[in-house]
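Here is the structure we will look at.
The values are calculated or read from the model by the stated rules, or taken from the named source; none is laboratory data. Just so you know, these numbers come straight off a predicted model, no measurement behind them. Don't worry about glycine lacking a Cβ; one is built from the backbone with ideal geometry, like all the others, and counts go over all protein chains shown.
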Number of protein chains: 2
Amino acid sequence: MQKQDRPPFPPNAALAPARGRPRAFDREAALAQATRLFWRKGYAATSIADLTEAMGIGSPSLYAAFGSKETLYAEALDWYGRRYEALVWANFAAAGTAREAVEALLMDSAAALTGSCGADDPLGCMVTLSAVGSEGHAELGDRVRSSRALALKRVEERLGRAVADGELAASADVHGLARFVLAVQGGMSLQARDGASRADLEAVARVTLSGWDAQVSAGRHREQRLPDKPA
Amino acid sequence: MQKQDRPPFPPNAALAPARGRPRAFDREAALAQATRLFWRKGYAATSIADLTEAMGIGSPSLYAAFGSKETLYAEALDWYGRRYEALVWANFAAAGTAREAVEALLMDSAAALTGSCGADDPLGCMVTLSAVGSEGHAELGDRVRSSRALALKRVEERLGRAVADGELAASADVHGLARFVLAVQGGMSLQARDGASRADLEAVARVTLSGWDAQVSAGRHREQRLPDKPA
DNA sequence: CTGTTTCTGCATCGATCGATACATAAATCG
DNA sequence: CGATTTATGTATCGATCGATGCAGAAACAG
């Protein structure tokens, strides 16, 4: 129902002859600014006037290029994923063991969530902290919820593989462990937004991993001989 | 700058003769409805029209009784604390050991955050999930941040006492452990808002406590003989 | 050049935002 | 009773909300 940014054909935009007056601003840079603003203030508290000021364009240009506030937010979510997802998930995916994957996820999160990667990015994770689903925007809400569900699925899948590999006991609560890991990561986002430092969050990660190690070995002990908690 | 609800003198409101036309609505019930709405939708996404409809009053009555949207939100935070804080912190405070206190905190949170106490309350913690500080309302932001900081201080204080009692090793990272426990609780709020069940969150709590037990004993082991992780 | 297409800046749309003015109603005081 | 005080209901305030109309500018095709 809304004209897209440059028609979809030809698929290679570089070959499009670009009819009409060319755009006077960098669409990518403007989207980056919009993303940072939504990230920092949330959807409802960010006005079109805020956006046009941060993006350095007029409102007709914004609507011509991005359609509406809702579709701009959706594009901002996509851009955020493309730009930041690898910071937290690349080492997770490359790790040889579930233990190392979780360690990478939490330690990399401690850095990314406190702005230790990008220069002056907002604190915490835009997707984790987004409350757009509670603000009456069902479509955007589904989007962020499914992103968060995907993260849970990734960890569950990795832990399931660890069970298949024998790294984790077959009796391990894969779903509970996955929810636990993402609960810690989500809590790190909340604390980052309140000003926790990278070192603060790394301490959280260390405690988590110590518990992970001990629980896994305790689980094996329990599996072999102990019916109750060790201490 | 704003007339309070009934003058502060005499201090006992029941003895006040109540001059003028009496209020036609239950202030407490109206505040409860306002709290639920702010809790569910957040500050920015909740309009005065939403509030007056939910509270069943006209806007002049709202302003006469509560001052402004900001002061109403502040009162809602107070009311939320009075009404729900004990659900999560009473058993924590009464527990004989730090281990039992943390267990109580997380298990009671699993119930409260999923609406297993009140009938149809919103999901997750209003204070934990409040983003009002990022939405450009500094005063309210300080309020929720200090509430969250108080929770951290409570856990730190309890863990510090556990170290003094000998329950935890003197080498235990009290700050990191406290941040860890609250990160898990915060993550539980996020997952509750996404629809996680009480059983889901209790699984998270169990994993956390297993790790706690194992880490504490591992810490003691390390303190006594082992320089590295057990497994 | 003319015609077509697309983007930009100015002005502004109707709707809704948070917040009130005002007249009236309902209570107490004297 | 009238005088005073406070709350309510209607109607509305100026400001801002998200979103556009429109004329001119800047590129293309012919």
Those residues of region B:45-97 which are within 14 Å of chain A (Cβ to nearest Cβ), near DNA strand C (Cβ under 9 Å from one of its atoms) and closer than 27 Å to B:Arg145 by Cβ amount to B:Ala45, B:Thr46, B:Ser47, B:Asp50, B:Lys69, B:Glu70
Please work out if B:Asp78 is farther than 17 Å from B:Leu201 by Cα, of a type in the set (Asp, Glu) and modelled with pLDDT under 95. no
Quiz item: Do we have any residue at all in region A:190-204 that's at pLDDT 95 or above, assigned to a helix (DSSP H, G or I), among the polar types (S, T, N, Q) and within 21 Å of A:Ala93 (Cα to Cα)?
Solution: no
When every residue in region B:101-116 that is surrounded by fewer than 22 Cβ atoms within 10 Å (Cβ to Cβ) and within 14 Å of the chain's Cα centre (by Cα) is compared, the one modelled with the lowest pLDDT is B:Gly115
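How about region A:64-100: which of its residues are of a type in the set (Val, Ile, Thr) and either exposed (fewer than 15 other Cβ atoms within 10 Å of the Cβ) or within 26 Å of A:Ala24 (Cβ to Cβ) (or both)? Quick ask: steps written out before the conclusion?
Applying the first criterion (of a type in the set (Val, Ile, Thr)) to region A:64-100 yields A:71, A:88, A:97.
Correct list: A:Thr71, A:Thr97.
State the number of residues belonging to region A:160-180 that are more than 9 Å from chain B (Cβ to nearest Cβ) and either in contact (Cβ under 8 Å) with a residue 60 or more places away in the chain or in a helix (DSSP H, G or I) (or both).
Of region A:160-180, the ones more than 9 Å from chain B (Cβ to nearest Cβ) are A:160-172, A:174, A:178.
Then keep just the ones that are either in contact (Cβ under 8 Å) with a residue 60 or more places away in the chain or in a helix (DSSP H, G or I) (or both); that gives A:160-165, A:167-168, A:174, A:178.
Residues flagged as more than 9 Å from chain B (Cβ to nearest Cβ) and either in contact (Cβ under 8 Å) with a residue 60 or more places away in the chain or in a helix (DSSP H, G or I) (or both) within region A:160-180 amount to 10.
What about A:Ser146, is it in a helix (DSSP H, G or I) and of a type in the set (Gly, Ala, Ser)? I'd like the intermediate steps shown before the answer.
Details: in a helix (DSSP H, G or I): yes; of a type in the set (Gly, Ala, Ser): yes.
Yes.
Take residues that are among the hydroxyl-bearing types (Ser, Thr, Tyr) and in contact (Cβ under 8 Å) with a residue 24 or more places away in the chain and tell me which of the helices (runs of 4 or more DSSP H) falling wholly in region A:47-128 contain 3 or more. Spell out how you get there, then give the answer.
On the way: elements: A:48-55, A:59-66, A:69-94, A:98-113.
Ranges flagged: A:69-94.
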Here the residues within region B:117-130 that are surrounded by fewer than 23 Cβ atoms within 10 Å (Cβ to Cβ), touching a helix residue (DSSP H, G or I) at 6+ places or on another chain (Cβ under 9 Å) and among the small types (Gly, Ala, Ser) are B:Gly118
